[in-house]
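These notes are about the structure you will find just below.
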Amino acid sequence: MLRIRFFRKGRKKQPSYKIVVTDKNNPPASGRFIEDVGFYNPLTKECMVNGEKVVYWMEKGAQPTDVVKNLLIKKGIIKGEKVNVVSISNKRREKIKEKNNEKEALIQEKKKEAEKEVVPGEGDRAKENQPGEVTKEAKEMVEAVKDEETQEKSEVTAEEGEEKEEKEATEKKDVKKEEKREEEEVEQVEEEKEETKKEEKEKKEAKEETKKEEKEKKETKEEEKEKKEKEGKKEE
């Protein structure tokens, strides 16, 4: 299966990414990919994507990763809803829900108190549902409810800002994790190369040692043969 994903390049702590089409089973640090279709620099926010090539490979069955998909939607290359790549913990979600429920209950309670403060009008006091006038206290209560709603909106905006900051921090953390993982994979590849070189060197040394032993045996046999020939001549 083909994937469209980031391929990291650049120096340590200065990441930049190629957007490549590659086989799903190829590790990110392998450097093997089918085609380069763009690049993205998270530090400068510089981005370039070849839309025609992306659409071509997606028609061939290539699937973008969630991060790349969001980038393609942002650039208008494909249509769809962005994928939430940052998840809020259940504990945080429950805390926000409880806070919103408490505020909603407080607003409803104040509205009910404001309704109770309505007194009958000057006309027929005996009639039910007679329109009445609102006392000063009731007006103040209504104003307080409006202020509370305004404050609620401000707090919601602040929470959204916090969530946005939290999301950005998580994205940076994910990028750092990805960088660390890729560095570890590169180190592992280098270690494997070193290990292979070491094994080859040991095999070469063993081969040379075997040749040396064979040579010594051959020389010993030749010496024994010469010795026997000399002894034979002496006997004659």
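Summary of computed values
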quantity: Sole residue being farther than 30 Å from E109 by Cβ and either part of a helix (DSSP H, G or I) or modelled with pLDDT under 75 (or both), chosen from K153, K217; calculated: K217
quantity: Total residues in segment 8-22, condition farther than 17 Å from K45 by Cβ and at pLDDT 85 or above; calculated: 3
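Okay, residues lined up against (1) aliphatic (A, V, I, L, M); (2) at pLDDT 80 or above:
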{"position": "N26", "(1), (2)": "no, no"}
{"position": "N50", "(1), (2)": "no, yes"}
{"position": "W57", "(1), (2)": "no, yes"}
{"position": "D66", "(1), (2)": "no, yes"}
{"position": "I78", "(1), (2)": "yes, yes"}
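The values are calculated or read from the model by the stated rules, or taken from the named source; none is laboratory data. Computed from a predicted model, the values in this text were never measured in an experiment. In this analysis, Cβ positions are derived from the backbone assuming ideal geometry, glycine residues included, and neighbour counts consider all displayed protein chains.
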